[in-house]
Amino acid sequence: MPEVIRTPDEKFKDLALYLFEPNWFDWNGIRMHYVDEGPKDAPVMLCMHGMPTWSYLYRRMIPSLVDAGYRCIAPDHIGFGKSDKVIDDDWYTIELHSRSITDLIQHLDLTDITVFVQDWGGPIGLRQAVDMPERFSRLVIMNTWLHHAEYRYMQALINWNHMWQPGNMLAENQITGQVLQMYYTNQVGLDEVDEEIVKAYDAPFDGDASKAGPRQFPRSLPFARPDRGNAVIQALCFDALKKWIKPVHFIWGCKDEVFTTEWGRQWASTFPQATFDEIEGAGHFLQESHGEQVVEILLKRIAEE
């Protein structure tokens, strides 16, 4: 078993709106945390986060989804949130992240799943629907991507990969909450982000060794590391989803310079049944800035199915 750091529980005390009981899954000796709210026999909303966030990102959405009659499962990827932090940078691959989520789904025997995907939650979460389509009822795709031969990476994402390489700005400063703050304010047009929110995104990490997970997501982008980024599998998933006949709902933050609205609409056009809703004031982290609106849009779309 790899060496891990376990974040003390007191780091997560008094986080605004994050009042959920912790749940734990032992994955090959590594402790994975997940939120599990709502009736156990209800349809499932599986909420997948990316970089540099954790299940806290969905805190504004989970209560409304539970009130609407759903069971919400929001895992923290290994290396993030309340889950254990493997300290070996080389341990982290998108394949291992995907396997851990697959095993969690099977462990909980989840069915009738609606999966929310955003950022790295896309390659990891959509893989689950491709591999286990019988467990999934619909897809909700928000500001993410799947690597494939025709995909053109924006310069902002190429720069993002570069900034996280050893010796460069973000790799050396090891910021986490401030990363979200930077993108949130620039793309949403807010003057500032509540320091309590920044604190919540910093809470899982204590020192350089605990931040291997956040370091490796940007370094694993498939154009830079096709092996660690699961480039081949991502492309296979992109093609497989062209045959997906169940509901697909795109909800897109328009102020995202990495995953643009143009790309979102292009992707949606590969699904004849897809809906596409834009949130004009939202950027990359639309769950953070417009979580309640995301829920309203989705519930309306489900009612129209």
* Asked: Which of the residues spanning region 260-279 are farther than 15 Å from Arg301 by Cα, surrounded by 13 or more Cβ atoms within 10 Å (Cβ to Cβ) and of a type in the set (Ser, Thr, Tyr)?
  -> Thr260, Thr261, Thr270
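So in region 191-210, with the set limited to residues that are more than 20 Å from Tyr18 (Cβ to Cβ) and assigned to a loop (DSSP other than H, G, I, E, B), which one is modelled with the lowest pLDDT?
Across region 191-210, the extreme among qualifying residues is Asp191.
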* Asked: In this structure, does Pro2 turn out to be in a loop (DSSP other than H, G, I, E, B), within 27 Å of Ile94 (Cα to Cα) and either at pLDDT below 95 or not β-branched (Val, Ile, Thr) (or both)?
  -> yes
* To do: For Met51, indicate whether it is surrounded by fewer than 24 Cβ atoms within 10 Å (Cβ to Cβ), at negative phi, of a type outside the set (Asp, Glu) and at pLDDT below 95.
  => yes
* **Inter-residue pairs, beta-carbon under 6 Å, first touching a residue at least 40 places away in the same chain (Cβ under 8 Å) and closer than 13 Å to Asp88 by Cβ and in region 205-230, second hydroxyl-bearing (Ser, Thr, Tyr) and assigned to a helix (DSSP H, G or I), 6+ apart** => none
* Cβ-Cβ below 6 Å, separation at least six or inter-chain, first residue in region 267-295 and at negative phi, second aromatic (Phe, Trp, Tyr) and in a helix (DSSP H, G or I): which pairs? -> His284/Tyr183; Phe285/Tyr184; Gln287/Tyr58
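Step by step: first the residues of region 242-259, then only those that are among the β-branched types (Val, Ile, Thr) and in contact (Cβ under 8 Å) with a residue 40 or more places away in the chain, then the one that is surrounded by the most Cβ atoms within 10 Å (Cβ to Cβ). Which residue is that? It would help to see each step written out before you state the result.
At the first step, the residues of region 242-259 found to be among the β-branched types (Val, Ile, Thr) are 245, 248, 251, 258.
Subsequent filtering for residues that are in contact (Cβ under 8 Å) with a residue 40 or more places away in the chain retains 248, 251, 258.
Numbers: Val248: 22, Ile251: 26, Val258: 21.
So the residue we want is Ile251.
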* Mind checking which helices (runs of 4 or more DSSP H) fall wholly inside region 211-305 and carry at least 2 residues that are under 20 Å from the mean Cα position of the chain (by Cα) and among the basic types (Lys, Arg)? => 212-219
* Does Gln187 qualify as being within 26 Å of Ala224 (Cα to Cα), surrounded by 14 or more Cβ atoms within 10 Å (Cβ to Cβ) and modelled with pLDDT under 60? -> yes
* Asked: For region 39-62, what are the residues that are without any contact (Cβ under 8 Å) to a residue 40 or more places away in the chain and out of contact with any Gly (no Cβ under 8 Å at 6 or more places or on another chain)?
  -> Lys40, Asp41
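For a quick check of your reading: which strands (runs of 3 or more DSSP E) sit entirely within region 24-114 and have at least 2 residues that are over 23 Å from Glu10 (Cα atoms) and touching a helix residue (DSSP H, G or I) at 6+ places or on another chain (Cβ under 6 Å)?
44-47
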* Asked: Got at least one residue in region 119-140 being assigned to a strand (DSSP E or B), at pLDDT 95 or above and within 15 Å of the chain's Cα centre (by Cα)?
  -> yes
* **Subset of region 89-125 (residues that are in contact (Cβ under 8 Å) with a residue 40 or more places away in the chain, within 13 Å of Asn230 (Cα to Cα) and aliphatic (A, V, I, L, M))** => Ile94, Ile124
* To do: Kindly indicate whether Val248 is modelled with pLDDT under 95 and either of a type in the set (Ser, Thr, Tyr) or touching a Leu at 6+ places or on another chain (Cβ under 6 Å) (or both).
  => no
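The values are calculated or read from the model by the stated rules, or taken from the named source; none is laboratory data. As the structure is a computational prediction, the values presented were derived from the model and not from experiment. We place every Cβ from the backbone using ideal geometry, glycine too, and count neighbours over all the protein chains shown.
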